[in-house]
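Q: There's a structure below that I have some questions on.
FYI, it's all coordinate maths here, none of it is from the lab. Predicted, not measured: the structure shown is a model, and the values here were computed from it. Here the Cβ positions follow ideal geometry from the backbone for every residue, glycine too, while neighbour counts run over all protein chains shown.
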Amino acid sequence: MSRVWTAHERLAVIERYASVGAVALGAELDRSPDSVSSQARRHGLACPGYRTRQARSRAERSMTVNVRFFETATPASAFVLGYIWACGSVKTKYRKVLRMSCPRDNLDGLHRIRGLMESRNLVQTYEHQHVLEICNSLLVEKLTERFGIPPGRRQDGAPPRLPKGLLSRFAAGHLLATGSRGPTCVRFAGHRSVIQWLAAGITSQAQVPSPILNTELVRIAMHWSDPESIRRINAWLDH
């Protein structure tokens, strides 16, 4: 015969279920966790962490982006990371959002990134720029946990945690966002720490001299203009 719930027990469920949960409350009241949960539902109480788990489940089932894109370091993810570290940021205060922007004359690059991520999110167009925002907590968590936090507008941003073998793909993505590449010059621009990190990697891996640096702007720039360096860097970017 089932034991009747007393007024004291029901009050304990109402007041403390959301904070301690079914297991702890069941042990205290000498009730099974299922019994406590059942009683809580009768009073319209959600189990602890329900909304968090519900949001995570929605993020995992999202059809608007490949939520597992940043699970592993691949040539495609390294290319996208380069773009993000040049002109992207993440917001985590209220919702977890990946945001990327580009000038109005560089929409093709943003669409390329959108396609690689299998995103169906719309690109928003403003007076001077295009913006793509992807709101998915799981995607942002995997990005920041595995590779770090994009610098955004911060001046103390750090390069991503990326295998050395994928640096050329990162550099190509960064170049797509804020650089330029032609027969007479290869130019990168961005956050100081990222550009310095790229300069060291490119000179080492592409076997070229150190670049010419312009540090007068908030975002520093570097470039190579001698034909042999341009040839080597282009070959390195395309391999």
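Q: Which angle between 0 and 90 degrees, to the nearest 10, do you get for helix 7-29 versus the longest principal axis of the chain when only C-alpha atoms count?
A: 40 degrees
Q: Using only Cα atoms and rounding to the nearest 10 degrees, what angle (0 to 90) does helix 75-87 make with the longest principal axis of the chain?
A: 80 degrees
Q: Taking K and R as +1 and D and E as -1, what net charge do the other residues with C-beta under 14 Å from the C-beta of residue 157 add up to?
A: +4
Q: Amide H of residue 220 versus every other amide H placed in the peptide plane: which residues, excluding those fewer than 5 positions away on the same chain, fall under 5 Å?
A: Hits under the 5 Å cutoff: 190, 192.
Q: How long is the gain from residue 207 to residue 11 if the chain were fully straight, where each residue apart is worth 0.36 nm and the alpha carbon distance is subtracted? Could you put the intermediate results ahead of the total?
A: On the way: separation 196, 0.36 × 196 = 70.56 nm, distance 7.30 nm.
Extra length from residue 207 to residue 11 when fully extended: 63.3 nm.
Q: As I understand it, the value is the acute angle between the Cα axis of helix 50-60 and the longest principal axis of the Cα atoms of the chain; what does it come to in degrees, rounded to 10?
A: 40 degrees
Q: Next question. Would you pull out the residues with amide H under 5 Å of residue 152's amide H, same chain only if 5 or more places away, H placed 1.01 Å from N?
A: 88
Q: Right, here's the next one. If you put +1 on each Lys and Arg Cβ and -1 on each Asp and Glu Cβ, how big is the dipole of segment 188-239 around its Cα centre, in Debye rounded to 20?
A: About 120 debye.
Q: Are any of the pairs 93/142; 93/164; 96/164 more than 21 Å apart by Cα-Cα distance, and if so, which?
A: With Cα atoms farther than 21 Å apart: 93/164; 96/164.
Q: Run the simple label-point estimate for residue 24 and residue 125 please: 7 Å along Cα→C-beta, distance reported in nm.
A: Label-label distance for residue 24 and residue 125, simple model: 5.4 nm.
Q: Which loop chymotrypsin sites (Phe, Trp or Tyr not before Pro) in segment 63-145, with loop taken from DSSP, have no more than 12 other Cβ atoms within 10 angstrom of their Cβ?
A: Loop-located and lightly packed - 94, 126.
Q: While we're looking at this one, here's another question. Take residue 108 and residue 42, extend 7 Å from each Cα along the Cα→Cβ direction, and tell me the distance between the two endpoints in nm.
A: 6.8 nm
Q: So if we plug the beta-carbon distance of residue 153 and residue 239 into 1/(1 + (r/R0)^6) with R0 = 30 Å, what FRET efficiency do we get, rounded to 0.05?
A: 0.35
Q: Per residue of segment 107-114, what does 6.51 cos²θ - 1.76 cosθ + 1.60 with θ = phi - 60° give for ³J(HN,Hα)? Whole Hz please, x for Gly and Pro, Karplus curve as stated.
A: These are the phi-based 3J(HN,Hα) values: 5, 4, x, 5, 5, 5, 5, 4 Hz.
Q: In whole Hz, with x marking every Gly and Pro, tabulate ³J(HN,Hα) for segment 222-239 from phi via Karplus 6.51 cos²θ - 1.76 cosθ + 1.60, θ = phi - 60°.
A: Calculated HN-Hα couplings, in order: 9, 8, 10, 10, 7, x, 5, 5, 4, 4, 5, 5, 4, 5, 5, 5, 8, 6 Hz.
Q: Output ³J(HN,Hα) for segment 198-206: one whole-Hz value per residue in order, computed from phi by the Karplus curve 6.51 cos²θ - 1.76 cosθ + 1.60 with θ = phi - 60°, and x for Gly and Pro.
A: Once rounded to whole Hz, the list reads 5, 4, 5, x, 5, 4, 6, 7, 8.
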